[in-house]
Amino acid sequence: MAKILVLDGDADFCRSLAHIVGQAGHHVVAIHGLREGQAIAAAGRFDVIFLAEELPDGGGLERTAELHNGPGHPEVIITTRIKDEAKMEAAMREGAWDYLEKPLSAQSLLLPLTRALQYREAHSSVDSRGGAERAGILGSSPAIMAALKAMAQAAASESSVLITGETGTGKELFARAIHQNSRRSGGRLVVVDCAALPENLVGSVLFGHQRGAFTGADRSTTGMIREAHGGTLFLDEVGELPLELQKAFLRVLQERRFRPLGGSHEVTSDFRLVAATNRDLSQMARQGLFRPELLYRLRSFTIDLPPLRQRQGDVIGLALFRLTQLTSGGGPHTKGLSPEFIAALNAYHWPGNVRELFNALERAVVAAGDSPVLYPTHLPIEMRVNLARSSLQSAGSPPPRPGREPGGDFSGPAGAAEPGWGEILRSDQPLPNWREFRGRALAAAGRAYLDRVMAACQGDMARAQEITGLSRARLYALFKELDMPRRRWRRRDPGYPDAGR
């Protein structure tokens with residue numbers, strides 16, 4: 001018997017689902033509020049959570065990852081009244097098992113539930129989080145725990161792995177962890193930095209060459225693909241691999257055979273491939289800059305590493321770890337952290353991620369000299385300037401217009417008036433029913449809020465994520481849902497799908 005948690009504000013739906021699932025022999029707990037549901041989920045170990053996209057006291061979609069990474073790591077099935085492609089993608093990226101549209105028949109409820117429970121049973125013999133060594137990966141935030149789970153799953157297979165993430169998020173560290181936890185850990189991990197290889201030598205470095213194969217080839221070389229025989233080949237920044245070599249490398253992936261430059265015979269290499277990139281390979285493939293067929297082979301298993309700004313609670317732990325490294329082994333004496341220093345680390349958005357954090361701490365220790373405590377003044381000047389600028393921007397956000405009360409109209413910074421509650425309830429207009437009024441009022445409030453947020457952070461999506469507490473995918477889904485595709489601030493973010501129109 002499985003334990004099922006239902007979080008939905010619709011009492012009739014909860015009763016119907018509880019009856020159907022209870023008839024299948026499972027124990028069901030139904031909760032109508034998000035906050036109460038979060039508390040119940042944190043206190044118990046559930047197998048599956050049916051989570052409404054919207055609840056009376058908050059959005060369920062934004063809590064998908066949090067619930068999925070809670071006790072027992074339950075599978076989360078999102079339920080919604082209106083299916084939306086952008087929201088479905090956002091849900092899957094947050095770790096949802098499925099995304100279902102109401103009303104639901106007994107079969108459409110039980111099928112995904114059964115599949116989720118079968119998956120859990122098949123994987124119950126191996127605790128994918130506890131069974132894998134971290135190999136130097138630090139942090140306990142839900143975002144990094146999800147990445148660690150994916151790492152453990154990747155290590156247990158022989159599939160090719162593509163690790164994506166911003167610069168400085170630890171892609172090579174995860175590649176090493178995959179190798180160390182795999183059955184190939186006894187072999188070599190061969191690292192190839194595709195961005196650092198001269199274009200005219202990439203083929204030689206990868207495939208090797210025979211003596212005399214080209215001018216300057218005074219001796220034969222094995223090539224890194226052959227060196228990875230029995231182990232793991234890690235292609236860092238694989239997006240930089242020249243197009244002409246991508247086709248040749250694709251054949252190596254398929255056949256595990258290749259011919260060194262100038263060679264007369266093919267050689268074999270039994271290796272496992274892990275690749276990493278900070279670029280959008282799908283977009284590159286659409287632009288003809290990356291071979292789609294190679295992309296399909298690379299992303300047999302994909303791990304998306306979270307940026308540091310999304311790893312709530314990990315910054316100080318990482319900082320303390322790095323400070324311990326810096327102040328041991330004959331280095332400067334141990335440093336304490338002032339409350340202001342801690343606040344500055346937590347407030348900064350870390351565009352360079354963990355790498356930038358470690359570099360900033362190293363510079364702070366040097367700047368502090370003999371001082372036993374680190375203060376914000378010891379941080380790099382460019383970081384202090386960015387923090388001050390962000391503080392000024394937040395303090396300088398335009399205040400509400402005089403006389404604008406919760407019943408008045410909303411107006412965004414673009415200058416176009418939004419119909420607010422007052423406009424919806426004008427005396428010369430017919431009164432809407434409650435559902436229509438609630439939907440229009442919430443949409444107007446949402447547009448006003450997002451306009452204010454994006455104006456305050458000047459279109460910086462990373463800062464917008466910090467302010468709202470929402471993921472980038474969820475913000476984009478809200479822009480689409482609220483019909484906000486052409487606001488002036490979104491052009492500041494080149495990652496937005498409509499940017500440049």
Which one of these is in contact with a Lys or Arg (Cβ under 6 Å, 6 or more places away or on another chain) and without any contact (Cβ under 8 Å) to a residue 24 or more places away in the chain: Glu244, Glu255, Glu266? Glu266
Lone unmet requirement of (1) modelled with pLDDT under 85; (2) under 30 Å from Ala155 (Cβ atoms) for Lys83: (2)
Does His229 satisfy the condition of being assigned to a loop (DSSP other than H, G, I, E, B), assigned by TED's automatic domain parsing to the domain that holds Ala156 and surrounded by fewer than 17 Cβ atoms within 10 Å (Cβ to Cβ)? no
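For the stretch 42-78: of the residues being of a type in the set (A, V, I, L, M, F, W, C) and surrounded by fewer than 17 Cβ atoms within 10 Å (Cβ to Cβ), which is nearest to Ile144 (Cα to Cα)?
My answer is Ala42.
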Determine the pairs where a residue that is touching a residue at least 12 places away in the same chain (Cβ under 8 Å), located within the stretch 62-73, has a partner that is β-branched (Val, Ile, Thr) and buried (at least 20 other Cβ atoms within 10 Å of the Cβ) with Cβ atoms under 6 Å apart, the partner being 6 or more residues away or on another chain. Thr64/Val76; Leu67/Ile49; Leu67/Val76; His68/Val76
Would you check which residues across the stretch 288-314 are more than 18 Å from Arg472 (Cα to Cα), outside any strand (DSSP E or B) and modelled with pLDDT of 90 or more and list them? Gly288, Leu289, Phe290, Arg291, Pro292, Glu293, Leu294, Leu295, Tyr296, Arg297, Leu298
If we keep just the residues of the stretch 363-386 that are of a type in the set (A, V, I, L, M) and crowded, with 16+ Cβ neighbours inside 10 Å, which is farthest from Asn346 (Cα to Cα)? Ala368
Does Gln465 qualify as being polar (S, T, N, Q) and modelled with pLDDT of 75 or more? yes
Note on Ala175: of the conditions (1) within 23 Å of Leu250 (Cβ to Cβ); (2) surrounded by 20 or more Cβ atoms within 10 Å (Cβ to Cβ); (3) at pLDDT 90 or above; (4) touching a helix residue (DSSP H, G or I) at 6+ places or on another chain (Cβ under 7 Å), unmet is (4)
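For Ala360, state whether it is surrounded by 15 or more Cβ atoms within 10 Å (Cβ to Cβ) and either at pLDDT below 85 or in a helix (DSSP H, G or I) (or both). Working first, answer last.
Details: surrounded by 15 or more Cβ atoms within 10 Å (Cβ to Cβ): yes; either at pLDDT below 85 or in a helix (DSSP H, G or I) (or both): yes.
Yes, satisfied.
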With the first residue restricted to the stretch 341-362 and required to be outside the structural domain of Ala462 (by TED's automatic domain parsing), and the second required to be acidic (Asp, Glu), Cβ contacts under 7 Å at 6 or more apart or on different chains are His349/Glu466; Trp350/Glu356; Asn353/Glu166
For residues that are more than 19 Å from the chain's Cα centre (by Cα), β-branched (Val, Ile, Thr) and in the same structural domain as Leu189 (by TED's automatic domain parsing), tally how many sit in the stretch 265-316. 2
Qualifying positions in the stretch 106-134 - in contact with a helix residue (DSSP H, G or I) (Cβ under 9 Å, 6 or more places away or on another chain) and at pLDDT 85 or above: Ala106, Leu109, Leu110, Leu113
Please determine whether any residue of the stretch 207-215 is under 28 Å from Met145 (Cβ atoms) and either assigned to a helix (DSSP H, G or I) or β-branched (Val, Ile, Thr) (or both). no
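The values are calculated or read from the model by the stated rules, or taken from the named source; none is laboratory data. A quick note: this is a predicted structure, and the numbers were derived from the prediction, not measured. We place every Cβ from the backbone using ideal geometry, glycine too, and count neighbours over all the protein chains shown.
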